[in-house]
1. Which residues, counting only those in the range 86-106, are crowded, with 18+ Cβ neighbours inside 10 Å and either modelled with pLDDT of 95 or more or of a type outside the set (Val, Ile, Thr) (or both)?
2. Residues of the range 6-46 being in contact with a Gly (Cβ under 8 Å, 6 or more places away or on another chain) and either over 20 Å from Val83 (Cβ atoms) or outside any loop (DSSP other than H, G, I, E, B) (or both), which ones?
3. Please enumerate the residues belonging to the range 69-80 that are surrounded by 19 or more Cβ atoms within 10 Å (Cβ to Cβ), of a type outside the set (A, V, I, L, M, F, W, C) and within 22 Å of Glu14 (Cα to Cα).
4. Given the condition closer than 22 Å to Ala143 by Cβ, in contact with a Pro (Cβ under 8 Å, 6 or more places away or on another chain), assigned to a loop (DSSP other than H, G, I, E, B) and modelled with pLDDT of 95 or more, answer yes or no: does some residue in the range 60-72 qualify?
5. Between residues in the range 14-27 that are in contact (Cβ under 8 Å) with a residue 40 or more places away in the chain and residues that are in a loop (DSSP other than H, G, I, E, B) and not aliphatic (A, V, I, L, M), which pairs lie under 9 Å by C-beta distance while being six or more apart or on different chains?
6. Thr22 is checked against (1) more than 18 Å from Val121 (Cβ to Cβ); (2) out of contact with any Phe, Trp or Tyr (no Cβ under 8 Å at 6 or more places or on another chain); (3) surrounded by 19 or more Cβ atoms within 10 Å (Cβ to Cβ) and fails just one. What number does that condition carry?
7. Quick test for you: out of Val145, Val139, Val48, pick the one residue that is within 10 Å of the chain's Cα centre (by Cα) and surrounded by 20 or more Cβ atoms within 10 Å (Cβ to Cβ).
8. Kindly state which strands (runs of 3 or more DSSP E) lie completely within the range 83-164 and contain at least 3 residues that are farther than 21 Å from Asn62 by Cβ.
Amino acid sequence: MNNYTAHETAVIDEGAVIGEGTRIWHFCHIMSEARIGNHCNLGQNVFVDNNATVGNGVKIQNNVSIYNGVELEDDVFVGPSVVFTNVINPRSFIERKDQFRKTLVRKGASIGANATILCGVEIGAYALIGAGAVVTKDVPDFAIVVGNPAKITGYTNEEGTLNA
């Protein structure tokens, strides 16, 4: 018996590790080597690839793909339609699966709707990524970044209160 809840339209490949109390909604696909922690919430149409890790208490909103090499630590929030990449220079005619770059999102960070996170970056603990931002380089702990390319506009705290 599963200790998690999955909608009947979700596809969960054999071997996937899914923690207790996690909820997986409509049309999600969890690959066989994915790891998802306890008490997570995966919205409609979320994809979690092989070798992707989702910590405890993570909320992933609709239409997000967590690709191979992406690690979300505990209590991360990923807004609707956020885009993660895993290859820096993709070409349809060149296979670069051996060139995936790791992306790390530290504990408590929040990523706003439609943000794009380029592979190989680290988003610091409790950082706040603005909606639509394009993150091309590492983001420090507690930083607020917005724009394209994303730039620091301030700092926050664990509760998400804006600081000057």
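1. Residues of the range 86-106 that are crowded, with 18+ Cβ neighbours inside 10 Å, as a first pass: 86-87, 100, 103, 105-106.
Within the range 86-106, Asn86, Phe100, Thr103, Val105, Arg106 qualify.
2. Gly19, Thr22, Ser32, Glu33, Ile36, Gly37, Asn38, His39
3. Gly69
4. The answer is yes, given that some residue of the range 60-72 is closer than 22 Å to Ala143 by Cβ, in contact with a Pro (Cβ under 8 Å, 6 or more places away or on another chain), assigned to a loop (DSSP other than H, G, I, E, B) and modelled with pLDDT of 95 or more.
5. none
6. That leaves (2) as the condition not met.
7. Values: Val145 fails: within 10 Å of the chain's Cα centre (by Cα); Val139 fails: within 10 Å of the chain's Cα centre (by Cα).
Going through Val145, Val139, Val48 in turn, the sole match is Val48.
8. Details: elements: 103-105, 143-146, 151-156.
Because the criterion is at least 3 residues that are farther than 21 Å from Asn62 by Cβ, the strands (runs of 3 or more DSSP E) in the range 83-164 that meet it are 143-146, 151-156.
The values are calculated or read from the model by the stated rules, or taken from the named source; none is laboratory data. Source: prediction; values computed, not measured. Neighbour counts run over all protein chains shown; Cβ positions are idealised from the backbone, glycine included.
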